[in-house]
Amino acid sequence: MTPTVLSQSPGSRALALWRRVELAVDTLGGPALNPLRHLGALGFLAFWLLAVSGIYLYVVLDTSAAGAWGSIDRLTREQWYLGGVLRSVHRYAADAFVLFTALHIVREWLHGHYRGFRRFSWLTGVPLLPLMAVCAIGGFWMNWDQLGQFSAVATAEWLDALPLLGAPLARNFLSAAAVSDRLFSLFVFVHLGVPLLLVFALWFHIQRITRAAVFPPRALARGACAALLALSLAAPVTSHAPAQAAQVAPALALDWVLLAVHPLMYATSAGFVWALVAAVLLALVALPFVPQPARAPVAVVDPANCNGCRRCFADCPYAAITMVPHPNGRPGRQLAQVDADLCASCGICAGACPSSTPFRSVAELATGIDMPQRPVGALRTQLQRRLDTLAAPQRIVVFGCAHGARVDTLRGDADVAAFELICAGQLPPSFVEYALRDGADGVVVASCRDGGCEFRLGARWTDERLRGAREPHLRDSVPRERVAQVDAGAGEEARLRAAVASLRARLPYVNMPVGPAPKIHHG
(Lines give C-alpha, C1' and ligand atoms only; values in the text may rest on other atoms or scores of the structure.)
Protein backbone atom coordinates (compact mmCIF):
# COMPACT_ATOMS: atom_id res chain seq x y z
CA MET A 1 0.00 0.00 0.00
CA THR A 2 1.33 3.43 -0.90
CA PRO A 3 2.40 5.36 2.22
CA THR A 4 0.37 8.42 3.05
CA VAL A 5 1.83 11.86 2.65
CA LEU A 6 1.98 12.24 6.44
CA SER A 7 4.18 9.13 6.77
CA GLN A 8 6.66 10.32 4.15
CA SER A 9 9.81 12.23 5.00
CA PRO A 10 10.13 15.86 3.88
CA GLY A 11 12.61 14.75 1.23
CA SER A 12 10.20 12.14 -0.12
CA ARG A 13 7.36 14.66 -0.24
CA ALA A 14 9.59 17.16 -2.04
CA LEU A 15 10.63 14.49 -4.57
CA ALA A 16 7.00 13.50 -5.11
CA LEU A 17 6.11 17.15 -5.70
CA TRP A 18 8.99 17.55 -8.17
CA ARG A 19 7.81 14.46 -10.08
CA ARG A 20 4.26 15.80 -10.24
CA VAL A 21 5.57 19.05 -11.70
CA GLU A 22 7.67 17.12 -14.24
CA LEU A 23 4.64 15.07 -15.30
CA ALA A 24 2.55 18.22 -15.62
CA VAL A 25 5.17 19.80 -17.89
CA ASP A 26 5.32 16.54 -19.88
CA THR A 27 1.72 17.13 -20.96
CA LEU A 28 2.76 20.29 -22.82
CA GLY A 29 5.16 18.66 -25.27
CA GLY A 30 6.28 15.29 -24.00
CA PRO A 31 9.43 14.32 -22.06
CA ALA A 32 11.75 15.27 -24.92
CA LEU A 33 10.59 18.90 -24.70
CA ASN A 34 10.43 19.03 -20.91
CA PRO A 35 13.24 21.32 -19.69
CA LEU A 36 13.04 19.82 -16.19
CA ARG A 37 14.25 16.49 -17.60
CA HIS A 38 17.21 18.05 -19.44
CA LEU A 39 18.54 20.63 -16.99
CA GLY A 40 22.19 19.60 -17.26
CA ALA A 41 22.10 19.64 -21.06
CA LEU A 42 20.34 23.02 -21.06
CA GLY A 43 23.06 24.35 -18.76
CA PHE A 44 25.64 23.25 -21.31
CA LEU A 45 23.63 24.91 -24.08
CA ALA A 46 23.61 28.18 -22.16
CA PHE A 47 27.36 27.89 -21.71
CA TRP A 48 27.90 27.33 -25.46
CA LEU A 49 25.79 30.43 -26.19
CA LEU A 50 27.85 32.40 -23.69
CA ALA A 51 31.05 31.27 -25.40
CA VAL A 52 29.91 32.09 -28.95
CA SER A 53 28.40 35.48 -28.10
CA GLY A 54 31.31 36.31 -25.79
CA ILE A 55 33.91 35.76 -28.51
CA TYR A 56 32.20 38.30 -30.75
CA LEU A 57 31.79 40.81 -27.95
CA TYR A 58 35.45 40.52 -27.00
CA VAL A 59 36.53 41.16 -30.59
CA VAL A 60 34.76 44.54 -30.66
CA LEU A 61 35.52 45.49 -27.05
CA ASP A 62 38.01 48.30 -26.35
CA THR A 63 39.89 46.79 -23.43
CA SER A 64 41.04 50.11 -22.01
CA ALA A 65 39.50 51.72 -18.97
CA ALA A 66 38.63 54.84 -20.95
CA GLY A 67 37.26 53.12 -24.07
CA ALA A 68 35.38 50.07 -22.73
CA TRP A 69 32.05 51.79 -22.08
CA GLY A 70 32.04 53.62 -25.41
CA SER A 71 32.78 50.53 -27.47
CA ILE A 72 29.96 48.54 -25.87
CA ASP A 73 27.53 51.48 -26.09
CA ARG A 74 28.27 51.99 -29.80
CA LEU A 75 27.82 48.28 -30.41
CA THR A 76 24.40 48.41 -28.78
CA ARG A 77 23.21 51.56 -30.60
CA GLU A 78 24.83 51.30 -34.03
CA GLN A 79 24.72 47.54 -34.51
CA TRP A 80 21.64 46.62 -32.49
CA TYR A 81 20.61 43.95 -35.05
CA LEU A 82 23.77 41.89 -34.40
CA GLY A 83 26.08 43.16 -31.68
CA GLY A 84 23.23 44.53 -29.58
CA VAL A 85 21.27 41.27 -29.85
CA LEU A 86 24.36 39.21 -29.08
CA ARG A 87 25.04 41.35 -26.02
CA SER A 88 21.51 40.70 -24.76
CA VAL A 89 21.75 36.99 -25.56
CA HIS A 90 25.04 36.90 -23.65
CA ARG A 91 23.43 38.38 -20.52
CA TYR A 92 20.28 36.26 -20.65
CA ALA A 93 22.28 33.11 -21.39
CA ALA A 94 24.28 33.83 -18.23
CA ASP A 95 21.04 34.08 -16.26
CA ALA A 96 19.83 30.83 -17.83
CA PHE A 97 23.14 29.11 -17.03
CA VAL A 98 22.78 29.96 -13.35
CA LEU A 99 19.09 29.04 -13.16
CA PHE A 100 19.50 25.72 -15.00
CA THR A 101 22.46 24.85 -12.79
CA ALA A 102 20.55 25.66 -9.61
CA LEU A 103 17.58 23.54 -10.69
CA HIS A 104 19.93 20.75 -11.77
CA ILE A 105 21.44 20.68 -8.27
CA VAL A 106 18.01 20.60 -6.66
CA ARG A 107 16.84 17.77 -8.90
CA GLU A 108 19.93 15.65 -8.33
CA TRP A 109 19.71 16.25 -4.58
CA LEU A 110 16.04 15.25 -4.44
CA HIS A 111 16.80 12.04 -6.32
CA GLY A 112 19.73 11.26 -4.02
CA HIS A 113 22.23 11.45 -6.87
CA TYR A 114 25.18 12.39 -4.70
CA ARG A 115 26.14 9.10 -3.08
CA GLY A 116 27.96 5.95 -4.08
CA PHE A 117 29.07 5.78 -7.69
CA ARG A 118 27.74 9.31 -8.27
CA ARG A 119 29.95 10.86 -5.59
CA PHE A 120 32.64 11.85 -8.09
CA SER A 121 30.24 13.76 -10.34
CA TRP A 122 28.68 15.52 -7.36
CA LEU A 123 31.99 16.56 -5.81
CA THR A 124 33.45 17.75 -9.11
CA GLY A 125 30.31 19.79 -9.65
CA VAL A 126 30.72 21.82 -6.46
CA PRO A 127 33.79 23.80 -7.67
CA LEU A 128 31.79 24.86 -10.72
CA LEU A 129 29.65 27.11 -8.54
CA PRO A 130 32.35 29.59 -7.41
CA LEU A 131 33.83 29.58 -10.90
CA MET A 132 30.43 30.46 -12.34
CA ALA A 133 30.00 33.22 -9.78
CA VAL A 134 33.36 34.78 -10.64
CA CYS A 135 32.60 34.65 -14.37
CA ALA A 136 29.14 36.15 -13.91
CA ILE A 137 30.11 39.01 -11.62
CA GLY A 138 33.30 39.82 -13.52
CA GLY A 139 31.36 40.25 -16.73
CA PHE A 140 29.67 43.39 -15.43
CA TRP A 141 33.05 45.05 -14.82
CA MET A 142 33.96 44.77 -18.52
CA ASN A 143 31.38 47.39 -19.53
CA TRP A 144 32.50 49.78 -16.80
CA ASP A 145 29.24 51.61 -16.47
CA GLN A 146 27.64 52.56 -13.16
CA LEU A 147 26.37 49.01 -12.63
CA GLY A 148 29.83 47.59 -13.33
CA GLN A 149 31.37 50.12 -10.96
CA PHE A 150 28.85 49.22 -8.24
CA SER A 151 29.63 45.51 -8.68
CA ALA A 152 33.39 46.06 -8.61
CA VAL A 153 33.22 48.20 -5.46
CA ALA A 154 30.86 45.79 -3.73
CA THR A 155 33.09 42.86 -4.62
CA ALA A 156 36.16 44.69 -3.35
CA GLU A 157 34.42 45.49 -0.07
CA TRP A 158 33.36 41.88 0.25
CA LEU A 159 36.93 40.67 -0.33
CA ASP A 160 38.24 43.25 2.13
CA ALA A 161 36.36 41.41 4.88
CA LEU A 162 38.90 38.59 4.52
CA PRO A 163 42.18 39.09 6.40
CA LEU A 164 44.26 38.36 3.33
CA LEU A 165 45.44 41.74 2.03
CA GLY A 166 47.25 44.52 3.80
CA ALA A 167 45.62 47.35 1.83
CA PRO A 168 41.88 47.53 1.10
CA LEU A 169 40.93 46.69 -2.46
CA ALA A 170 38.08 49.18 -2.43
CA ARG A 171 40.48 52.10 -2.51
CA ASN A 172 41.25 51.21 -6.15
CA PHE A 173 37.88 52.71 -7.07
CA LEU A 174 37.97 55.92 -5.02
CA SER A 175 39.17 58.05 -7.93
CA ALA A 176 39.13 57.89 -11.70
CA ALA A 177 42.94 57.89 -11.76
CA ALA A 178 42.99 54.69 -9.72
CA VAL A 179 41.05 52.82 -12.41
CA SER A 180 43.92 52.33 -14.84
CA ASP A 181 44.32 50.15 -17.90
CA ARG A 182 46.36 47.81 -15.72
CA LEU A 183 43.41 47.30 -13.40
CA PHE A 184 41.14 46.85 -16.38
CA SER A 185 43.49 44.18 -17.73
CA LEU A 186 42.82 42.32 -14.49
CA PHE A 187 39.08 42.55 -15.22
CA VAL A 188 39.67 41.09 -18.68
CA PHE A 189 41.72 38.25 -17.22
CA VAL A 190 39.04 37.43 -14.66
CA HIS A 191 36.26 37.34 -17.22
CA LEU A 192 38.24 35.45 -19.88
CA GLY A 193 40.67 33.34 -17.86
CA VAL A 194 38.22 31.90 -15.35
CA PRO A 195 35.85 30.63 -18.09
CA LEU A 196 38.76 28.60 -19.46
CA LEU A 197 39.06 26.97 -16.05
CA LEU A 198 35.30 26.45 -16.15
CA VAL A 199 35.60 24.57 -19.45
CA PHE A 200 38.13 22.20 -17.91
CA ALA A 201 36.00 21.80 -14.78
CA LEU A 202 32.92 20.96 -16.86
CA TRP A 203 34.91 18.39 -18.83
CA PHE A 204 36.18 16.86 -15.59
CA HIS A 205 32.66 16.84 -14.15
CA ILE A 206 31.37 14.45 -16.84
CA GLN A 207 34.41 12.20 -17.07
CA ARG A 208 32.71 9.21 -15.43
CA ILE A 209 29.55 9.53 -17.49
CA THR A 210 29.37 7.86 -20.88
CA ARG A 211 27.45 9.66 -23.59
CA ALA A 212 27.05 12.71 -21.38
CA ALA A 213 24.27 14.99 -22.63
CA VAL A 214 26.15 18.20 -23.41
CA PHE A 215 23.42 19.30 -25.82
CA PRO A 216 19.65 18.97 -25.28
CA PRO A 217 17.27 17.43 -27.84
CA ARG A 218 17.23 19.52 -30.98
CA ALA A 219 13.64 20.70 -30.65
CA LEU A 220 14.25 21.76 -27.05
CA ALA A 221 17.52 23.47 -28.00
CA ARG A 222 15.80 25.39 -30.79
CA GLY A 223 13.03 26.41 -28.41
CA ALA A 224 15.50 27.59 -25.77
CA CYS A 225 17.50 29.60 -28.31
CA ALA A 226 14.31 31.12 -29.72
CA ALA A 227 13.17 32.10 -26.23
CA LEU A 228 16.49 33.81 -25.48
CA LEU A 229 16.40 35.60 -28.84
CA ALA A 230 12.83 36.76 -28.30
CA LEU A 231 13.71 38.03 -24.83
CA SER A 232 16.74 39.85 -26.24
CA LEU A 233 14.58 41.60 -28.82
CA ALA A 234 11.77 42.40 -26.41
CA ALA A 235 13.98 43.63 -23.56
CA PRO A 236 17.43 44.46 -24.94
CA VAL A 237 20.24 44.93 -22.46
CA THR A 238 21.60 48.47 -22.40
CA SER A 239 24.33 50.25 -20.48
CA HIS A 240 23.98 52.56 -17.52
CA ALA A 241 25.80 55.87 -17.59
CA PRO A 242 29.60 55.68 -17.64
CA ALA A 243 31.24 54.90 -14.31
CA GLN A 244 32.28 57.95 -12.30
CA ALA A 245 34.26 57.46 -9.12
CA ALA A 246 32.95 60.60 -7.45
CA GLN A 247 29.29 60.01 -8.28
CA VAL A 248 26.79 57.56 -6.81
CA ALA A 249 24.24 56.18 -9.26
CA PRO A 250 20.71 57.26 -8.32
CA ALA A 251 19.18 53.94 -9.43
CA LEU A 252 20.48 50.70 -10.87
CA ALA A 253 18.76 48.03 -12.97
CA LEU A 254 20.20 45.15 -10.98
CA ASP A 255 20.41 41.64 -12.39
CA TRP A 256 19.07 39.76 -9.38
CA VAL A 257 20.11 36.37 -10.75
CA LEU A 258 23.79 37.24 -11.17
CA LEU A 259 24.33 40.04 -8.67
CA ALA A 260 22.09 39.10 -5.74
CA VAL A 261 25.14 38.68 -3.52
CA HIS A 262 25.77 42.44 -3.51
CA PRO A 263 22.45 43.66 -2.03
CA LEU A 264 22.55 40.70 0.36
CA MET A 265 25.92 41.89 1.65
CA TYR A 266 24.69 45.45 2.16
CA ALA A 267 21.51 44.21 3.82
CA THR A 268 23.48 42.03 6.25
CA SER A 269 27.27 42.14 6.34
CA ALA A 270 30.25 40.91 4.38
CA GLY A 271 31.05 38.41 7.13
CA PHE A 272 27.52 36.98 7.03
CA VAL A 273 27.67 36.45 3.27
CA TRP A 274 31.08 34.76 3.55
CA ALA A 275 29.70 32.49 6.27
CA LEU A 276 26.63 31.69 4.15
CA VAL A 277 28.69 30.87 1.06
CA ALA A 278 31.10 28.72 3.07
CA ALA A 279 28.22 26.89 4.77
CA VAL A 280 26.51 26.11 1.46
CA LEU A 281 29.70 24.85 -0.18
CA LEU A 282 30.69 22.78 2.87
CA ALA A 283 27.20 21.26 3.02
CA LEU A 284 27.38 20.30 -0.64
CA VAL A 285 30.82 18.74 -0.17
CA ALA A 286 29.79 16.90 3.00
CA LEU A 287 26.54 15.50 1.60
CA PRO A 288 28.08 12.46 -0.17
CA PHE A 289 29.84 11.46 3.07
CA VAL A 290 26.71 11.31 5.21
CA PRO A 291 26.14 7.65 6.23
CA GLN A 292 23.96 5.95 3.65
CA PRO A 293 22.38 2.50 3.25
CA ALA A 294 24.73 -0.25 2.12
CA ARG A 295 25.40 -0.29 -1.61
CA ALA A 296 23.81 -2.97 -3.75
CA PRO A 297 26.10 -5.72 -5.08
CA VAL A 298 27.92 -4.78 -8.26
CA ALA A 299 27.91 -6.68 -11.54
CA VAL A 300 29.92 -9.90 -11.62
CA VAL A 301 31.71 -11.26 -14.71
CA ASP A 302 31.85 -15.01 -15.42
CA PRO A 303 35.01 -15.60 -17.50
CA ALA A 304 33.70 -18.99 -18.65
CA ASN A 305 30.71 -17.33 -20.35
CA CYS A 306 32.13 -13.94 -21.34
CA ASN A 307 33.02 -13.93 -25.02
CA GLY A 308 34.49 -10.41 -25.04
CA CYS A 309 31.81 -8.97 -27.35
CA ARG A 310 32.13 -5.51 -25.71
CA ARG A 311 28.38 -4.89 -25.63
CA CYS A 312 28.34 -4.38 -21.88
CA PHE A 313 31.30 -2.03 -22.27
CA ALA A 314 29.40 0.00 -24.88
CA ASP A 315 26.12 0.13 -22.93
CA CYS A 316 27.40 0.91 -19.42
CA PRO A 317 26.13 4.40 -18.51
CA TYR A 318 28.93 5.17 -16.05
CA ALA A 319 32.09 3.81 -17.71
CA ALA A 320 32.35 1.11 -15.05
CA ILE A 321 33.38 -1.63 -17.49
CA THR A 322 36.70 -1.97 -19.26
CA MET A 323 37.98 -4.73 -21.50
CA VAL A 324 41.10 -6.66 -20.51
CA PRO A 325 42.89 -9.70 -22.00
CA HIS A 326 41.00 -12.91 -21.31
CA PRO A 327 42.67 -15.21 -18.77
CA ASN A 328 42.40 -18.14 -21.19
CA GLY A 329 45.32 -16.62 -23.07
CA ARG A 330 43.75 -16.82 -26.54
CA PRO A 331 45.12 -14.10 -28.82
CA GLY A 332 42.67 -11.22 -29.26
CA ARG A 333 40.17 -12.62 -26.72
CA GLN A 334 38.97 -10.08 -24.20
CA LEU A 335 37.14 -10.17 -20.88
CA ALA A 336 34.88 -7.56 -19.30
CA GLN A 337 36.18 -6.12 -16.02
CA VAL A 338 33.95 -4.20 -13.60
CA ASP A 339 35.20 -1.29 -11.50
CA ALA A 340 33.26 -1.68 -8.26
CA ASP A 341 33.65 2.03 -7.38
CA LEU A 342 31.99 3.11 -10.62
CA CYS A 343 29.36 0.37 -10.97
CA ALA A 344 25.78 1.62 -10.55
CA SER A 345 24.42 -1.93 -9.94
CA CYS A 346 21.82 -1.19 -12.62
CA GLY A 347 22.00 -4.46 -14.56
CA ILE A 348 22.09 -2.77 -17.98
CA CYS A 349 25.19 -4.81 -18.74
CA ALA A 350 23.30 -8.06 -18.09
CA GLY A 351 20.63 -7.00 -20.56
CA ALA A 352 23.35 -6.33 -23.14
CA CYS A 353 25.09 -9.68 -22.74
CA PRO A 354 24.39 -12.11 -25.62
CA SER A 355 25.13 -15.01 -23.26
CA SER A 356 21.83 -14.11 -21.56
CA THR A 357 19.95 -15.11 -24.70
CA PRO A 358 20.77 -18.74 -25.58
CA PHE A 359 18.13 -20.36 -27.79
CA ARG A 360 19.02 -23.83 -26.73
CA SER A 361 18.14 -26.35 -24.06
CA VAL A 362 20.51 -25.99 -21.13
CA ALA A 363 20.45 -27.06 -17.53
CA GLU A 364 20.88 -23.51 -16.29
CA LEU A 365 20.80 -20.13 -17.99
CA ALA A 366 24.28 -18.67 -17.62
CA THR A 367 25.48 -15.23 -18.66
CA GLY A 368 28.83 -13.55 -19.10
CA ILE A 369 27.93 -10.71 -16.71
CA ASP A 370 25.13 -10.67 -14.18
CA MET A 371 23.70 -9.06 -11.07
CA PRO A 372 24.00 -11.23 -7.94
CA GLN A 373 20.83 -9.78 -6.41
CA ARG A 374 18.75 -10.37 -9.57
CA PRO A 375 20.42 -12.99 -11.81
CA VAL A 376 18.86 -13.63 -15.21
CA GLY A 377 18.86 -17.38 -14.57
CA ALA A 378 16.63 -16.94 -11.53
CA LEU A 379 14.40 -14.57 -13.52
CA ARG A 380 14.02 -17.24 -16.21
CA THR A 381 13.01 -19.83 -13.61
CA GLN A 382 10.53 -17.47 -11.95
CA LEU A 383 9.02 -16.62 -15.32
CA GLN A 384 8.26 -20.26 -16.10
CA ARG A 385 6.88 -21.00 -12.67
CA ARG A 386 4.67 -17.92 -12.49
CA LEU A 387 3.18 -18.64 -15.90
CA ASP A 388 2.46 -22.21 -14.81
CA THR A 389 0.43 -20.88 -11.88
CA LEU A 390 -1.76 -18.52 -13.94
CA ALA A 391 -5.11 -20.15 -14.70
CA ALA A 392 -6.64 -17.26 -16.64
CA PRO A 393 -7.70 -17.92 -20.27
CA GLN A 394 -5.13 -15.36 -21.43
CA ARG A 395 -1.93 -14.56 -19.61
CA ILE A 396 0.12 -11.36 -19.65
CA VAL A 397 3.70 -10.92 -18.47
CA VAL A 398 4.81 -7.47 -17.29
CA PHE A 399 8.46 -6.50 -16.89
CA GLY A 400 8.98 -3.22 -15.06
CA CYS A 401 11.63 -1.02 -13.47
CA ALA A 402 12.10 -0.79 -9.71
CA HIS A 403 12.45 2.98 -10.07
CA GLY A 404 9.41 3.47 -12.30
CA ALA A 405 5.74 2.66 -11.97
CA ARG A 406 5.29 -0.10 -9.40
CA VAL A 407 4.53 -3.38 -11.16
CA ASP A 408 3.54 -4.97 -7.84
CA THR A 409 0.25 -3.07 -8.09
CA LEU A 410 -0.67 -5.52 -10.89
CA ARG A 411 -0.02 -8.70 -8.97
CA GLY A 412 -3.63 -8.85 -7.83
CA ASP A 413 -4.73 -9.33 -11.45
CA ALA A 414 -5.46 -13.01 -12.10
CA ASP A 415 -4.08 -12.88 -15.64
CA VAL A 416 -0.85 -10.96 -14.94
CA ALA A 417 2.63 -12.18 -13.96
CA ALA A 418 4.62 -9.08 -12.98
CA PHE A 419 8.40 -8.95 -12.57
CA GLU A 420 10.37 -6.03 -11.14
CA LEU A 421 13.86 -5.44 -12.51
CA ILE A 422 16.60 -3.19 -11.18
CA CYS A 423 16.27 -1.22 -14.40
CA ALA A 424 14.31 -1.93 -17.57
CA GLY A 425 17.67 -2.07 -19.33
CA GLN A 426 18.45 -5.24 -17.35
CA LEU A 427 15.92 -7.19 -19.44
CA PRO A 428 17.50 -9.28 -22.22
CA PRO A 429 15.20 -8.93 -25.25
CA SER A 430 15.02 -12.72 -25.54
CA PHE A 431 12.94 -12.79 -22.35
CA VAL A 432 10.03 -11.36 -24.33
CA GLU A 433 10.26 -14.37 -26.61
CA TYR A 434 10.78 -16.70 -23.65
CA ALA A 435 7.56 -15.42 -22.08
CA LEU A 436 5.55 -15.96 -25.27
CA ARG A 437 6.98 -19.42 -25.83
CA ASP A 438 6.33 -20.37 -22.23
CA GLY A 439 2.63 -19.68 -22.61
CA ALA A 440 2.12 -15.94 -22.23
CA ASP A 441 -0.33 -14.37 -24.66
CA GLY A 442 1.22 -10.90 -24.38
CA VAL A 443 4.13 -9.05 -22.83
CA VAL A 444 4.32 -5.49 -21.51
CA VAL A 445 7.75 -3.87 -21.00
CA ALA A 446 7.58 -0.77 -18.81
CA SER A 447 10.48 1.67 -18.58
CA CYS A 448 10.89 5.20 -17.26
CA ARG A 449 10.15 8.26 -19.34
CA ASP A 450 12.73 9.92 -21.56
CA GLY A 451 15.06 11.90 -19.31
CA GLY A 452 13.74 10.16 -16.19
CA CYS A 453 15.75 6.93 -16.11
CA GLU A 454 17.46 6.45 -12.75
CA PHE A 455 20.48 5.07 -14.60
CA ARG A 456 20.37 7.50 -17.53
CA LEU A 457 20.36 5.09 -20.48
CA GLY A 458 18.26 2.12 -19.39
CA ALA A 459 15.01 3.26 -21.01
CA ARG A 460 16.82 4.29 -24.21
CA TRP A 461 18.67 1.01 -24.62
CA THR A 462 15.51 -0.99 -23.85
CA ASP A 463 13.57 0.81 -26.57
CA GLU A 464 16.36 0.40 -29.13
CA ARG A 465 16.82 -3.30 -28.37
CA LEU A 466 13.12 -4.03 -28.71
CA ARG A 467 12.93 -2.03 -31.95
CA GLY A 468 15.90 -3.93 -33.37
CA ALA A 469 18.10 -0.83 -33.47
CA ARG A 470 20.59 -2.11 -30.90
CA GLU A 471 22.17 -5.45 -30.06
CA PRO A 472 21.03 -7.74 -28.62
CA HIS A 473 17.71 -7.16 -30.36
CA LEU A 474 14.30 -8.77 -30.26
CA ARG A 475 14.07 -11.24 -33.12
CA ASP A 476 11.89 -10.38 -36.11
CA SER A 477 9.95 -13.62 -35.69
CA VAL A 478 8.37 -12.34 -32.44
CA PRO A 479 4.83 -11.10 -33.17
CA ARG A 480 4.92 -7.42 -32.31
CA GLU A 481 1.17 -7.24 -31.80
CA ARG A 482 1.66 -9.34 -28.68
CA VAL A 483 4.22 -6.91 -27.25
CA ALA A 484 3.57 -3.50 -25.72
CA GLN A 485 6.01 -0.87 -24.50
CA VAL A 486 5.08 1.89 -22.08
CA ASP A 487 7.08 4.66 -20.49
CA ALA A 488 5.73 4.95 -16.96
CA GLY A 489 7.83 6.66 -14.32
CA ALA A 490 7.45 6.61 -10.56
CA GLY A 491 3.88 7.38 -9.56
CA GLU A 492 2.46 6.57 -13.00
CA GLU A 493 0.84 3.27 -12.04
CA ALA A 494 -2.35 4.36 -13.81
CA ARG A 495 -0.40 4.73 -17.06
CA LEU A 496 1.08 1.25 -16.62
CA ARG A 497 -2.33 -0.26 -15.87
CA ALA A 498 -3.79 1.44 -18.94
CA ALA A 499 -1.09 -0.14 -21.14
CA VAL A 500 -1.86 -3.57 -19.69
CA ALA A 501 -5.59 -3.05 -20.23
CA SER A 502 -5.00 -1.97 -23.83
CA LEU A 503 -2.96 -5.09 -24.58
CA ARG A 504 -5.52 -7.26 -22.79
CA ALA A 505 -8.29 -5.82 -24.96
CA ARG A 506 -6.55 -6.52 -28.27
CA LEU A 507 -5.17 -9.97 -27.51
CA PRO A 508 -8.41 -11.83 -28.41
CA TYR A 509 -8.00 -10.48 -31.94
CA VAL A 510 -4.44 -11.74 -32.30
CA ASN A 511 -4.26 -15.13 -33.99
CA MET A 512 -0.58 -15.87 -34.24
CA PRO A 513 0.26 -18.96 -32.17
CA VAL A 514 3.78 -19.28 -30.84
CA GLY A 515 5.26 -22.75 -30.76
CA PRO A 516 6.61 -24.37 -27.59
CA ALA A 517 10.14 -23.73 -26.48
CA PRO A 518 12.59 -26.28 -25.09
CA LYS A 519 12.02 -26.50 -21.36
CA ILE A 520 14.90 -25.72 -19.03
CA HIS A 521 15.12 -28.42 -16.42
CA HIS A 522 15.78 -27.30 -12.87
CA GLY A 523 17.27 -29.69 -10.39
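The values are calculated or read from the model by the stated rules, or taken from the named source; none is laboratory data. If you're wondering where the values come from, they're calculated on a predicted model, not measured in any experiment. Note that each Cβ is placed from the backbone with ideal geometry, even for glycine, and that neighbours are counted across all protein chains shown. We work out accessible area using only protein heavy atoms, side chains counted, and drop any ligands, DNA or RNA first. Shrake-Rupley method; radii C 1.70, N 1.55, O 1.52, S 1.80 Å.
Of all positions in region 73-83, none carries a residue that is at pLDDT 95 or above and not in a helix (DSSP H, G or I). Within region 188-244, the set of residues being in contact with a strand residue (DSSP E or B) (Cβ under 9 Å, 6 or more places away or on another chain) and part of a helix (DSSP H, G or I) is empty.
Condition check ((1) closer than 17 Å to I137 by Cβ; (2) in contact with a Pro (Cβ under 9 Å, 6 or more places away or on another chain); (3) of a type in the set (K, R); (4) at pLDDT 95 or above) across all residues:
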{"site": "A177", "(1), (2), (3), (4)": "no, no, no, no"}
{"site": "L231", "(1), (2), (3), (4)": "no, no, no, yes"}
{"site": "L254", "(1), (2), (3), (4)": "yes, yes, no, no"}
{"site": "A279", "(1), (2), (3), (4)": "no, no, no, yes"}
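Could you tell me whether V445 is over 29 Å from M323 (Cα atoms), buried (at least 22 other Cβ atoms within 10 Å of the Cβ), of a type in the set (V, I, T) and within 25 Å of the chain's Cα centre (by Cα)? Yes. Exactly one residue out of A391, A435, A378 is touching a residue at least 24 places away in the same chain (Cβ under 8 Å) and among the hydrophobic types (A, V, I, L, M, F, W, C): that is A435.
Pairs are defined by a Cβ separation below 8 Å, a sequence spacing of at least 6 or placement on different chains, a first member in region 221-249 that is exposed (fewer than 15 other Cβ atoms within 10 Å of the Cβ), and a second member that is acidic (D, E); the pairs so defined are A241/D145. Among the residues of region 178-220, those that are charged (D, E, K, R) and either under 30 Å from R119 (Cβ atoms) or open to solvent by less than 50 Å² (accessible area, probe 1.4 Å) (or both) comprise R208, R211. Helices (runs of 4 or more DSSP H) fully within region 107-166 that include at least 3 residues being crowded, with 21+ Cβ neighbours inside 10 Å: 128-143, 146-160.
The set of residues in region 293-314 that are at pLDDT 90 or above, among the basic types (K, R) and either over 12 Å from A352 (Cα atoms) or in a loop (DSSP other than H, G, I, E, B) (or both) contains only R310. Each residue in region 402-426 was checked for being closer than 21 Å to D370 by Cα and open to solvent by 10 Å² or more (accessible area, probe 1.4 Å), and 4 pass. Only a single item in (1) open to solvent by less than 50 Å² (accessible area, probe 1.4 Å); (2) modelled with pLDDT of 95 or more; (3) over 24 Å from A243 (Cβ atoms) is not met by H90, and it is number (3).
Return yes when R20 is farther than 21 Å from E493 by Cα, assigned to a helix (DSSP H, G or I) and out of contact with any helix residue (DSSP H, G or I) (no Cβ under 6 Å at 6 or more places or on another chain) and no when it is not. For R20, the condition - farther than 21 Å from E493 by Cα, assigned to a helix (DSSP H, G or I) and out of contact with any helix residue (DSSP H, G or I) (no Cβ under 6 Å at 6 or more places or on another chain) - is not met.
From the set of residues in region 270-304 that are open to solvent by 50 Å² or more (accessible area, probe 1.4 Å) and in contact with an Asp or Glu (Cβ under 9 Å, 6 or more places away or on another chain), which is nearest to L110 (Cα to Cα)? That would be V300. Annotation: of all residues in region 405-455 being at pLDDT below 95 and basic (K, R), the one that is nearest to R475 (Cα to Cα) is R437. Screening region 319-348 for residues that are within 10 Å of A299 (Cβ to Cβ), among the hydrophobic types (A, V, I, L, M, F, W, C) and assigned to a loop (DSSP other than H, G, I, E, B) and picking the one that is most open to solvent (accessible area, probe 1.4 Å) gives A340. Take S361 and tell me if it is crowded, with 17+ Cβ neighbours inside 10 Å and at pLDDT below 95. No. When each of A294, A270 is tested for being touching a residue at least 12 places away in the same chain (Cβ under 8 Å) and either among the hydrophobic types (A, V, I, L, M, F, W, C) or over 25 Å from T124 (Cβ atoms) (or both), the lone residue that passes is A270. Taking into account only those residues within region 1-25 that are modelled with pLDDT of 90 or more and β-branched (V, I, T), which is surrounded by the most Cβ atoms within 10 Å (Cβ to Cβ)? Selected residue: V25. Residue count for region 366-382 under the criterion of being in a loop (DSSP other than H, G, I, E, B) and either under 30 Å from the mean Cα position of the chain (by Cα) or of a type in the set (S, T, N, Q) (or both): the result is 7. Touching a helix residue (DSSP H, G or I) at 6+ places or on another chain (Cβ under 9 Å), outside any loop (DSSP other than H, G, I, E, B) and over 30 Å from L82 (Cα atoms): does that describe L36? So L36 passes the test. Scanning region 42-65 for residues that are open to solvent by 50 Å² or more (accessible area, probe 1.4 Å), closer than 20 Å to A243 by Cα and either in a helix (DSSP H, G or I) or in contact (Cβ under 8 Å) with a residue 24 or more places away in the chain (or both) turns up Y58, V60, T63. What tally of residues in region 96-149 results from selecting those that are β-branched (V, I, T) and under 15 Å from the mean Cα position of the chain (by Cα)? Residues meeting the conditions: 4.
Assess whether Q373 counts as being open to solvent by 40 Å² or more (accessible area, probe 1.4 Å) and touching a Lys or Arg at 6+ places or on another chain (Cβ under 9 Å). Here the answer is no, as Q373 does not meet what is asked.
Residues that are in contact with a Ser or Thr (Cβ under 7 Å, 6 or more places away or on another chain) and of a type in the set (V, I, T) were ranked within region 190-237; the one that is farthest from Y92 (Cα to Cα) is I209. In the set L36, L28, L82, which member is farther than 19 Å from W144 by Cα, exposed (fewer than 15 other Cβ atoms within 10 Å of the Cβ) and touching a Phe, Trp or Tyr at 6+ places or on another chain (Cβ under 9 Å)? Of L36, L28, L82, the one residue that is farther than 19 Å from W144 by Cα, exposed (fewer than 15 other Cβ atoms within 10 Å of the Cβ) and touching a Phe, Trp or Tyr at 6+ places or on another chain (Cβ under 9 Å) is L82.
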